[in-house]
Each structure stands twice: as structure tokens, then as C-alpha cells.
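What follows is one structure encoded as C-alpha cells, with my remarks underneath.
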Amino acid sequence: MAFPNASDIVATTIQSRTRKIADNVTDNNALLAYLKKRGNSKPASGGNVIYQELSYAENTNKGWYSGYDILPTGQADVISAAEFSWKQAAVPVVISGLEQLQNSGREALIDLLDGRISVAESTMANLVSESVYSDGTGNGGKELTGLNAAVPTSPTSGTYGGINRATWAFWQSIYASGTTATSANLLSLMNDLYVQLCRGLDHPDIIIADNNMFTLYLDALQAQQRFTQADKGEAGFSTVKYMGSDVILDGGIGGNMPADTMFFLNTKYLHYRPHSKRNMVPLSPNKRHAINQDAEVQILAFAGNMTASGSKFQGRLNGA
């Protein structure tokens, strides 16, 4: 049997699955799944940074008038943009010359690669899902600018997206702490935070909880009927309801949530911005040979970041 071109098989096998890999990453994390459903998982095409447009003030020309009153038409500077750095991640898939020989049939080689690519898929999904909760400083500042940066424990200080929170109050999220949460007082704590995050039709649409806070919430609802939606259960997320918002457990085995924490998120103002040409795809060139080893490598790669366009609509409850 003729020996197949292993490099081509590695490349084509990953290429045929890259869409699936990208989808698996977003579906593997509750927040990313919500952003995808809302349409806020939007690729960015380039630039030295990712710009996220935002509105930070009302139009100052507003007002009532009567008949022939002169209407103000002055310039109203109400739109700006936050700036987020590109973050990169990679998972190499490696096959040695010996393994190519040992799996010399095309089907055998594909079986071997399928197993390794499946591991690469789950590895990339876990890597990104973990980084969703980072503050952007991990691994020398190479991780995503995640929820610990977007909704921090010190929302009135520091710079996020290039905007100084101490200077611009509109860029400050809400942090609630200081009271130990119990099943008896948790609903009251949630109520206090929730009302601070509502403006007209804007309100949190997802609340993400770690094991401890999710358990306390279940205990608080013990005597009440609980509602959930079939699509969330089918996606593998444990959910209950609060004020029409899904309360989702992002804990369990291998959860990455900060301990004793609930994030109250309005996903209208949160965004997942992968690069349009680097969203879980194999790096070019497809054939990479080690100079001093009998091995070939195909690298599954990602570039992008998480961004926000409305920090004041995001909240964080610490129950410890």
C-alpha cells in the first residue's frame, strides 16, 4: 500500500473540522454561548488593536420646542471606543515519523489524527473557557481580557479597554460585597444588585454562579417552583430563573468561576471578538517539519479577545 502524505492528511483533517472546533469553543462556555446566540460573537478583521464602539453620553441637543423655536444643532460628541489588545492561543498537533510508519494505512493514520485533533478541540475549548474569567494579566498578559477585568472587585480604579475607570464613572461596573451570603439573605442581596443594573429595557439577562452561590440560590428556592428552558438544558448548562434571567452554574467539575461569586451580566454590552482569519484554524504553512526531529506539526490557532461596550450594566456579587 502506498504511504499517504501525512502532512496533507494532518492539514485537511484539521481544516475540515475548524468550523466545528470554533463552534465547540463557544458552546463549551455559557457566556460565550449567550454571546453567540445574541449575535455578539463578531469576528474582527484586523488592526493593531480591537476597537469596541460605545456610547458614553446623551445627545446634548435634546429638548422641547414650540412652533418656530430655534432647534439646537451643535456638535454632540457621544460616541467613543474602547481598545483591546489581540490575544493569541495555540494547540499544536504533532505526529512523529515513527507513528506515521506504525499507522501506515490512510484509515489508520486518520484514526490517530482524529483522536489527537479531538484532544486539541477540547484543550482549546478549555483554554478559552478558563480565560473568559481572567483579568488579562495571566501568562505575562497573554490571556483574554475576561470577566475579572470587565467586572472587577475594584470597579472604580484601574484602566479597562484603555479607559480610566477613576476618571469615567460610566465605565464603572457594580460590585456588591461585605455581607456573607446565606440561603436566607441571598435573594435580598441579589435584589439589591439587580436594581442597580437596570435602565429601562436594559437589565441583566444572565447570572453566572460558582458552586457555592448556585447551591445557596437553589436552597433559597427550595420551597418555590423553579423554571428553566429546554435549550439551556440541552446545551448542558444547569439553569434556574431569576427575574427572567437565567442563573447558570459554571462550576461543577473543573469550573473556572471565582469562588463565592455571581456575575450579573447584560450580554448586550459584552462581545467575543475572534479574528476573522484566526478563529481556531490551522496556521499557514500547513506543512511544518522539525529541523532536528523526525516529526511534523500542525498548529491550531486563535487570535482575538473579549470586549465590552457598557460596563455600568455589569455587576458582581461576592457572597463570602
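The values are calculated or read from the model by the stated rules, or taken from the named source; none is laboratory data. As the structure is a prediction and not an experimental result, all values here were calculated from the model. A quick note on method: Cβ atoms are made from the backbone with ideal geometry, for glycine too, and the neighbour counts reach across all protein chains shown.
Residue check: is N24 surrounded by 15 or more Cβ atoms within 10 Å (Cβ to Cβ), at pLDDT below 85 and in contact with an Asp or Glu (Cβ under 8 Å, 6 or more places away or on another chain)? Before you say what the answer is, go through the steps one by one.
Working: surrounded by 15 or more Cβ atoms within 10 Å (Cβ to Cβ): yes; at pLDDT below 85: yes; in contact with an Asp or Glu (Cβ under 8 Å, 6 or more places away or on another chain): yes.
Considered against the rule, which asks whether it is surrounded by 15 or more Cβ atoms within 10 Å (Cβ to Cβ), at pLDDT below 85 and in contact with an Asp or Glu (Cβ under 8 Å, 6 or more places away or on another chain), N24 comes out as yes.
Return yes or no: is T228 surrounded by 20 or more Cβ atoms within 10 Å (Cβ to Cβ) and at pLDDT below 90?
Numbers: surrounded by 20 or more Cβ atoms within 10 Å (Cβ to Cβ): no; at pLDDT below 90: yes.
Spelling it out, it is not the case that T228 is surrounded by 20 or more Cβ atoms within 10 Å (Cβ to Cβ) and at pLDDT below 90.
Conditions tested, residue by residue: (1) under 13 Å from K87 (Cβ atoms); (2) out of contact with any Leu (no Cβ under 7 Å at 6 or more places or on another chain).
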| position | (1), (2) |
| --- | --- |
| I117 | no, yes |
| L127 | yes, yes |
| V132 | yes, no |
| T145 | yes, yes |
| P152 | no, yes |
| W171 | no, yes |
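Quickly run through the range 263-320 and pick out the residues that are under 22 Å from the mean Cα position of the chain (by Cα) and outside any strand (DSSP E or B).
Matches in the range 263-320: N266, T267, K268, Y269, S309, G310, S311, K312, F313, Q314.
Within the range 183-204, which residues are at negative phi, assigned to a loop (DSSP other than H, G, I, E, B) and either surrounded by fewer than 18 Cβ atoms within 10 Å (Cβ to Cβ) or among the charged types (D, E, K, R) (or both)? Give the derivation first.
We begin by selecting, within the range 183-204, every residue at negative phi; these are 183-199, 201-204.
So of that shortlist, the ones also assigned to a loop (DSSP other than H, G, I, E, B) come out as 183-185, 197-198, 201, 203-204.
The answer is S183, A184, N185, C198, L201, H203.
For the range 131-166, enumerate the residues that are over 16 Å from the mean Cα position of the chain (by Cα), over 15 Å from Y269 (Cβ atoms) and of a type in the set (A, V, I, L, M, F, W, C).
A166
For Y175, are the conditions met, namely being of a type outside the set (A, V, I, L, M, F, W, C), buried (at least 21 other Cβ atoms within 10 Å of the Cβ) and closer than 30 Å to A320 by Cα?
On the way: of a type outside the set (A, V, I, L, M, F, W, C): yes; buried (at least 21 other Cβ atoms within 10 Å of the Cβ): no; closer than 30 Å to A320 by Cα: yes.
No.
Within the range 244-258, how many residues are modelled with pLDDT of 85 or more, within 18 Å of the chain's Cα centre (by Cα) and in a loop (DSSP other than H, G, I, E, B)?
Selection size over the range 244-258: 2.
Which condition breaks for K241 when tested against (1) basic (K, R); (2) in contact with a Lys or Arg (Cβ under 8 Å, 6 or more places away or on another chain); (3) modelled with pLDDT under 90; (4) farther than 26 Å from L186 by Cα?
Just one mismatch for K241, condition (4).
Anything in the range 83-104 that is among the small types (G, A, S), touching a strand residue (DSSP E or B) at 6+ places or on another chain (Cβ under 7 Å) and part of a loop (DSSP other than H, G, I, E, B)? List them, or say none. I'd like the intermediate steps shown before the answer.
First, the residues of the range 83-104 that are among the small types (G, A, S): 85, 89-90, 96-97, 104.
Retained after the next criterion (residues that are touching a strand residue (DSSP E or B) at 6+ places or on another chain (Cβ under 7 Å)): 85, 89-90, 96-97.
Scanning the range 83-104 gives a single hit, S85.
So which residues in the range 118-141 are touching a helix residue (DSSP H, G or I) at 6+ places or on another chain (Cβ under 7 Å) and in a helix (DSSP H, G or I), if there are any at all?
Scanning the range 118-141 gives E121, M124, A125, V128.
Just a yes or no: is a residue in the range 91-108 closer than 18 Å to M306 by Cβ and at pLDDT 80 or above? Spell out the reasoning first.
Start the filter on the range 91-108 by keeping residues that are closer than 18 Å to M306 by Cβ, which leaves none.
The answer is no, given that none of the residues of the range 91-108 is closer than 18 Å to M306 by Cβ and at pLDDT 80 or above.
State the number of residues belonging to the range 132-156 that are β-branched (V, I, T) and under 19 Å from Q52 (Cα atoms). First the steps, then the outcome.
Looking only at the range 132-156, we keep the residues that are β-branched (V, I, T), and these are 132, 137, 145, 151, 153, 156.
Adding the requirement that they be under 19 Å from Q52 (Cα atoms) leaves 132, 145, 151.
Counting residues in the range 132-156 that are β-branched (V, I, T) and under 19 Å from Q52 (Cα atoms) gives 3.
Would the range 159-166 turn up any residue that is of a type outside the set (S, T, Y), closer than 19 Å to A259 by Cβ, surrounded by fewer than 21 Cβ atoms within 10 Å (Cβ to Cβ) and touching a residue at least 24 places away in the same chain (Cβ under 8 Å)?
The first filter runs over the range 159-166 and keeps only residues of a type outside the set (S, T, Y), leaving 161-166.
From what's left, closer than 19 Å to A259 by Cβ: none.
No, the conditions are met nowhere in the range 159-166.
How many of the residues making up the range 290-305 are of a type outside the set (G, A, S) and crowded, with 16+ Cβ neighbours inside 10 Å?
Looking only at the range 290-305, we keep the residues that are of a type outside the set (G, A, S), and these are 291-294, 296-300, 302, 305.
Filter once more, so that each one left must be crowded, with 16+ Cβ neighbours inside 10 Å: 296-300, 302, 305.
The qualifying residues number 7.
Are there any pairs, at least 6 apart or on different chains, whose C-beta atoms fall under 7 Å, with the first in the range 117-140 and within 11 Å of M306 (Cα to Cα) and the second hydroxyl-bearing (S, T, Y), and if so, which?
Listed by first residue and then by second, the contacts come to G136/T145.
Across the range 144-182, what is the number of residues that are part of a loop (DSSP other than H, G, I, E, B) and of a type in the set (A, V, I, L, M, F, W, C)? Give the derivation first.
So the first thing to find is which residues in the range 144-182 are part of a loop (DSSP other than H, G, I, E, B), and the list is 144-146, 151-158, 161-162, 165-168, 172-173, 177-182.
Adding the requirement that they be of a type in the set (A, V, I, L, M, F, W, C) leaves 144, 151, 166, 168, 181.
Final tally of qualifying residues: 5.
Tell me whether the range 209-223 contains one or more residues that are touching a residue at least 24 places away in the same chain (Cβ under 8 Å), hydroxyl-bearing (S, T, Y), in contact with a Leu (Cβ under 8 Å, 6 or more places away or on another chain) and part of a helix (DSSP H, G or I).
yes
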